[in-house]
Amino acid sequence: MPSTEHEAVVRLFHESPALAAGLLQDALHVPLPDYDYVGLESGDLTETTPSELRADSVIVFQRKRPDADPEPVLAVVVEVQRARDPGKHWTWPMYLVALRTRMRCPAVLLVVCPEAAIARWSARPIDLGHPNLTLVPLVAGPTEVPEITDVREAAQDLELAVLSMITHAEAPGAADIANALFTAIHDIDPDRGGLYADMVRAALSREVWDHLEKQMKTETREYLSDWVREKVVKGKAEAIAESIFRVLAARGVEVPEEVRAEISACTDLEQLDAWVGIAATADSARALLD
């Protein structure tokens with residue numbers, strides 16, 4: 001379950017690497033080469049340098065070749081930026097050089113910024129010192145990420161719709177974006193609803209989330225608000241249950257199947273939190289249920 005806005009946005013690109021293609025081509029108007037595949041690569045860009053270089057996501061576009069492995073035609077470093085970090089102006093160029101060297105193809109930097117002020121900061125040109133060598137990051141912020149309020153559009157690209165929700169959560173039309181997103185998920189793939197609801201909930205502050213729920217809780221949207229809340233609670237419950245099992249496993253306490261099933265089925269968050277405390281000292285897993 002994603003725990004922060006940063007983690008939630010990174011997870012989007014891991015779930016759908018093609019999200020990078022949509023942002024580059026449609027939002028930032030960057031021409032893409034012909035390609036057949038788009039997939040994730042390791043974000044570890046450390047080569048022989050002493051310091052570790054780790055990007056949030058690395059996405060590679062590949063083209064088929066007859067009688068040969070697919071050919072990389074474009075590599076993308078995806079960075080999620082939520083605050084000013086002057087160190088990035090030194091590491092971002094290194095990311096591109098390392099990735100270009102590894103993949104032997106052109107490389108670009110895509111910075112995703114849910115906040116407008118950080119988007120403006122991230123877009124500042126980075127002068128590398130060499131004449132005519134300046135890196136201008138490609139930045140997708142609130143201006144570039146569309147407000148998706150149409151259910152059909154949301155259904156066509158669920159990950160972009162989630163990014164739209166996270167980016168425009170405090171915009172006047174936030175409730176319409178949420179309605180389009182969660183209606184699309186509810187109608188198409190309810191099982192994925194928990195993951196995406198968790199992403200949105202993790203990315204938004206409690207105040208913004210509560211306000212959004214109130215906006216959605218109109219006569220026509222109340223069922224959807226309740227469904228989203230149910231998915232969020234279920235996701236939190238599953239995460240706490242996993243924590244309980246990890247604590248017991250670390251202490252060498254075996255968990256019988258019937259106990260595991262009862263804990264896994266529980267959606268009472270207060271009860272689950274209480275079990276976490278008991279798990280730290282209990283001699284047996286059954287003691288949690290006594």
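Mind putting a number on the dipole of segment 116-209 about its Cα centre? Charges go on the C-beta only, +1 for Lys and Arg and -1 for Asp and Glu, and I need it in Debye to the nearest 20. Walk me through the intermediate numbers first.
Details: 6 positive and 14 negative charges, 78 e Å.
My answer is approximately 380 debye.
Below 15 angstrom from the Cβ of Ile118, what's the summed charge of the other residues (Lys, Arg +1; Asp, Glu -1)? Display every interim value, and only then the final one.
Working: positive: Arg82, Arg84, Lys88, Arg120, Arg124; negative: Glu5, Asp56, Glu79, Asp85, Glu115, Glu144, Glu170.
Residues close to Ile118 contribute a combined charge of -2.
So between Leu133 and Arg100, what do we pick up on full extension, going 0.36 nm a residue minus the alpha carbon distance? Present the calculation step by step, with values, prior to reporting the outcome.
Numbers: separation 33, 0.36 × 33 = 11.88 nm, distance 1.57 nm.
Taking 0.36 nm per residue and subtracting the Cα distance, the gain is 10.3 nm.
Residue by residue through segment 120-137, what is 3J(HN,Hα) from phi via Karplus (6.51 cos²θ - 1.76 cosθ + 1.60, θ = phi - 60°)? Round to whole Hz and write x for glycine and proline.
Values per residue, Gly and Pro as x: 5, 5, 5, 7, 5, x, 10, 7, 8, x, 5, x, 6, 10, 10, 8, 10, x Hz.
Bear in mind that the values in this text are calculations on the coordinates, not laboratory data. These numbers come from a predicted model, not from an experiment. Using ideal geometry, Cβ is built from the backbone for each residue, glycine included, and neighbour counts are taken over all protein chains shown.
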